Each structure stands twice: as C-alpha cells, then as structure tokens.
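So the structure is just underneath, and the comments pick up after that.
The values are calculated or read from the model by the stated rules, or taken from the named source; none is laboratory data. Here the structure is a predicted model, which is why all the values come from computation and not from measurement. Because the Cβ atoms are built from the backbone with ideal geometry, glycine has one as well, and the counts that use them run over all protein chains shown. Each accessible area value is taken on the protein alone, full model and side chains, heavy atoms only, with ligands, DNA and RNA left out. Shrake-Rupley method; radii C 1.70, N 1.55, O 1.52, S 1.80 Å.
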Amino acid sequence: MTDPVQDDGPQPLPPPPSAGSGYSTSRTVRTGEVDPLRRLRLDSIARYLQDVAGDDLEATGHARTDPYWIVRRTVIDVIEPISWPATVHLQRWCSGLSTRWANMRVRLTAEHRDGPDDDGPRPDGLVETEAFWINVNAHGVPARISDEGFATLSATTETHRLRWAAMTTPPSVGSTGQDLPEDRPHILRSTDFDLLQHVNNAAYLDAVEDELMDHQDLLRQRHRVVIEYSHPVVPGSSMTIRRRRTGHRLQMWMTVDDRVAATVTVTGQPDARQES
C-alpha cells in the first residue's frame, strides 16, 4: 500500500474490499457536535473514530487481546459535509498493517433529515478517513499485535508490511519569518487529557477548528485534513501554535517546549471530485 500523498492533488483513500467489509455501526449527530452553521466539527469526527474503534474491539473480542492503541496520524477527507440533523453510518476496516501498527479506514455516510431552517433537502454527507494506529502496552510502549488480532485485521487487506511515511512537513528552523503571523498560545484544559495522561488526539482538532474560523473558504469546499502526532503532551504543558496559509493550504505546527507535538495540514480542493 502507498500512503495517500499530501500535495495539490491528494490521492483518494482506498475503497473498502466490499460493502460489508469490517465493522459497521450508526449514530445520531448531536447538537453539541456541530458548529453554529450545523457542520459536524473535525474534533467530533475524531471522537467518532475513537468510539467506533472501541466498539470494533469489543465486537471482535480484541478488547482483551489488544486493548491499547494510540493514533500516529489521522487523514480526514470531507467530500460532502455532514451536518445536523443526521444519522451517520460508519464502516471500519483495515487497509494495511504490520506487526505493531495498522491503517484503519472509516467511511462516514450521513442521511440528512430536514432541519428547522432548511429550505430544501441537503445532499447526503460523505467523509472518508484513515488513521495510523499503533498497538501499545499498558505503559504506552509499542507492542506486537496478538495473533488473533493480526488475523482479524489482515482479512481485509493484502498489505502486511505497512511502513510509516510522513505526510506533513516540519516547520522551518529559526524565526517565524516575515510570511508567518505571530505564534499564538493555545490553552489546554483538564478535559483535553486521556487515561494515558496525554492530550487526546481529538482535542488537538479543537485548535484546528479555532484556526479555521479565519479560513472559512477552506470549509466551503471539499477539503483534506492531515494531522500527525509526534510527541505526547502531558498535563501542565504550555502549547504554542505556528501557522502559515499558502493558496488553498493551511499548515499548523503545535509546539511544546520548542518541540513539535503535532503537525496539521488543511488542503482545499475546489475542483476535485471523488467517486464513492
């Protein structure tokens, strides 16, 4: 498998092997998961991915054999936005793996219902995602996937030698430069931290949503979000965000103690189309 390329023409994420592949579930979009324009937020999508991952582990019995996973990267392709009110159907399957990690695809399709201010029907929503998950032990150290877990995951892919390849770029060394706005702080809250005492991966996307308030044009077109997590952020940390907008691309670097904790790219695709 080749990782999706983050450039001016991102390649579509791989389709499911079949309509019934993997694990499927549904959920209702709630008002607390959307922005003032009723759009399902990026952090909400990330939480959906966490929830369906946990449900998948329970359904397959691997919550016992492989209970701990951390996310190294998440790719979110918003092809047709999901908005409230709606029912979202989630299909999750493995698109590539190795002995310690796996790429997990989740397709989100939404059946929109009439909202209180709708003038007419809204098109069904479609969001494609892929996350690079690392299997870890109770101390957060990478560990081999169990034989049972490997057999289940490999059933939907022929890629059993998945390798890591970054899709984002590090910030330039030195000063912010004349083409960059002044770095801004991002306040971390106690609710941002998970059971491993790290900032939850979905909480990083709260900062992305804040930044996108100034880049609404990217949200009005099909767009791809790539977030890669480099270093865990623990309670008591102070986070600073550097960002740069170039054409249809927004880049963000979240730093703690002068070390990049996460890198984000949001790329608009005004003329792109993807078949579902």
Strands (runs of 3 or more DSSP E) enclosed by the range 100-211 - at least 2 residues per element that are closer than 21 Å to Ile45 by Cα:
101-112, 125-135
When you go through Arg224, Arg163 one by one, which is the residue that is modelled with pLDDT of 95 or more and out of contact with any Pro (no Cβ under 7 Å at 6 or more places or on another chain)?
Arg163
Go through (1) out of contact with any Gly (no Cβ under 8 Å at 6 or more places or on another chain); (2) without any contact (Cβ under 8 Å) to a residue 60 or more places away in the chain; (3) more than 20 Å from Ala131 (Cβ to Cβ) and name the single condition Ser230 misses.
(3)
Among what's in the range 135-150 and is within 16 Å of Met104 (Cβ to Cβ) and among the aliphatic types (A, V, I, L, M), pick the residue that is modelled with the highest pLDDT.
Ile145
From the list Asn103, Asn137, pick out the single residue that is touching a residue at least 24 places away in the same chain (Cβ under 8 Å) and surrounded by 14 or more Cβ atoms within 10 Å (Cβ to Cβ).
Asn103
Quick one: how many residues across the range 166-182 are at pLDDT 95 or above and either hydrophobic (A, V, I, L, M, F, W, C) or open to solvent by 50 Å² or more (accessible area, probe 1.4 Å) (or both)?
2
Would you please name the residue that is farthest from Leu126 (Cα to Cα), looking only at residues in the range 73-96 that are assigned to a strand (DSSP E or B) and out of contact with any Ser or Thr (no Cβ under 9 Å at 6 or more places or on another chain)?
Ser83
Considering every residue within the range 90-98, establish whether at least one is over 15 Å from the mean Cα position of the chain (by Cα), surrounded by fewer than 19 Cβ atoms within 10 Å (Cβ to Cβ) and not polar (S, T, N, Q).
no
Tally time: how many residues in the range 38-72 are over 28 Å from Gln197 (Cβ atoms) and either in contact with a helix residue (DSSP H, G or I) (Cβ under 7 Å, 6 or more places away or on another chain) or part of a strand (DSSP E or B) (or both)?
2
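Condition check ((1) in a strand (DSSP E or B); (2) out of contact with any strand residue (DSSP E or B) (no Cβ under 8 Å at 6 or more places or on another chain); (3) under 16 Å from Glu182 (Cα atoms); (4) open to solvent by less than 10 Å² (accessible area, probe 1.4 Å)) across all residues:
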{"site": "Asp217", "(1), (2), (3), (4)": "no, no, no, no"}
{"site": "Arg224", "(1), (2), (3), (4)": "yes, no, no, yes"}
{"site": "Ser237", "(1), (2), (3), (4)": "no, no, no, no"}
{"site": "Ile241", "(1), (2), (3), (4)": "yes, no, yes, yes"}
{"site": "Trp253", "(1), (2), (3), (4)": "yes, no, yes, yes"}
{"site": "Val260", "(1), (2), (3), (4)": "yes, no, no, no"}
Any idea which of (1) open to solvent by less than 50 Å² (accessible area, probe 1.4 Å); (2) at pLDDT 95 or above; (3) under 19 Å from the mean Cα position of the chain (by Cα); (4) of a type outside the set (Ser, Thr, Tyr) is the one Asp210 doesn't satisfy?
(1)
